[in-house]
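Only one structure is covered here, and it is reproduced in the block below.
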Amino acid sequence: MVTLTAPYIAGFLAFRETPFLLESLQRLQRDQPQLLPQQDVFSDKFGLACHLGVLSGLPCVGVAKNLLQVQGVNKDEEHQSQIAALQKGGDSFPLTAASGKVLGKALRSCNKSSKPVYVSVGHRITLDTAVRLTHSCCRYRVPEPIRQCTCDVFSWWEEEGLRVDIRENHAHSHLL
């Protein structure tokens, strides 16, 4: 059980969640070295996936269900029309900052969902590889490692009789 003491603030997830993730990752590497774990485009371009990747030395991918509107990347009419143009799972379009720099990609992760996920480079991986990896993990909209973890957490909460307002404990970014 992890107790988070800092509030959720969009764009600052790394400062809230990296310490316990790094500790968990180090424990996993020590106890089961044969396993390697498989979050949002940030205004400072260094989010949770980057933070954990740099500290662990492992490749990491950022995946988010919601677009963090930064650097001229907005959920405007143009963005909505680009989403509508995604015809099938695997289709994507770049999220381009006002400066012209590509910050990530919106990915239609499966044929069943028209809502994209947002993929960004975390550490030691290219954007195209991050998009292909994310797509390969998707049976549904959310990549399977994240979906399974979320299902396990909700089952545990239910078993423990816990009721959590997920709006207050917003955890929209995850590591693959």
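Only the coordinates and a few stated rules stand behind these numbers; no lab work does. Quick caveat, the model's predicted, so the values are computed rather than measured. Ideal geometry is used to build each Cβ from the backbone, glycine not excepted, and the neighbour counts take in all protein chains shown.
Some points to look at:
- Per-residue Cβ neighbour rank within 10 angstrom, fewest leading, K105, K75: K75, K105
- Förster-model FRET efficiency, 45 Å R0, K88 and T3, C-beta, rounded to 0.05: 0.60
- Rounded to whole numbers, the Karplus 3J(HN,Hα) couplings from phi for region 15-24 are 5, 7, 10, 4, x, 6, 5, 5, 4, 5 Hz, using 6.51 cos²θ - 1.76 cosθ + 1.60 with θ = phi - 60°, and x at Gly and Pro.
- Take the Cα of R30, step 7 Å toward its Cβ, do the same at R16, and the gap between the two points is 2.7 nm.
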